[in-house]
Amino acid sequence: IRYIMRYLGAYPTEEDVSKVIIKQIKEDEEIRVRYDRFEEFMLEVIKDNRYPPDDYETLMQAFKVLDADGKGLIDEQVMVEALTSNAYAFHENEVQDFLRDVPKDPRTGKIEYEKYVNTLIGDH
């Protein structure tokens, strides 16, 4: 659900997905979410502009927590640990996709997170 919602431009938190959204679109006895219920829900989400992405400053602050030197660079292993060691851990393929696509400093191989944030939201 969360992947599809993000693809469609809605960015709910994991908590929203598990505690709110699934309960709204899934009937009690159902194991799966029916497409028609999801479609109806998503049309409302898009129309109401619910679950917008985080802004530039919020994203930068999140990455700065991992920037030990304050130089705008994050060690790849530190990022992998952050992405995989919490209650909402990324799947291995998501981590690999991220590492493949994220800009890296050619000299150090570290992640240049400001360039990545600008790619996500466009130059601010």
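The values are calculated or read from the model by the stated rules, or taken from the named source; none is laboratory data. This is a predicted model, so every value here is computed, not measured. Side chains are part of the model used for accessible areas, which takes the heavy atoms of the whole protein and leaves out ligands, DNA and RNA. Shrake-Rupley method; radii C 1.70, N 1.55, O 1.52, S 1.80 Å.
A few comments on the model shown:
- Option label - semi-axes √(5λ) of the Cα gyration tensor in Å computed here, alternatives [x] 32, 16, 12; [y] 20, 17, 12; [z] 25, 16, 14: [x]
- Only helices enter the 222 nm calculation for the chain: every DSSP H run of n ≥ 4 contributes -39,500 (n - 2.57), and dividing by all residues gives -13500 deg cm²/dmol, rounded to 500.
- With DNA, RNA and ligands ignored, accessible area of LYS19 (1.4 Å probe; Å², nearest 10): 120 Å²
- Only lysine pairs 8 or more places apart, or on different chains, with alpha-carbon atoms under 27 angstrom apart are counted in the chain, and they number 10.
- Think of a 1.4 Å ball rolled over the protein heavy atoms: the chain then has 70 Å² of accessible area per residue.
- Calculated SAXS-style log₁₀ I(q)/I(0) at q = 0.15, 0.32 Å⁻¹ - segment 46-96, Debye, Cα scatterers: -0.56, -1.14
- In sequence order, calculated HN-Hα J values of segment 7-22 (Karplus, 6.51, -1.76, 1.60; Hz; x Gly/Pro): 4, 8, x, 10, 10, x, 6, 4, 5, 4, 4, 6, 9, 10, 5, 4
- Among the protein heavy atoms of the chain, carbon and sulfur supply 51% of the accessible surface, probe 1.4 Å, non-protein parts ignored.
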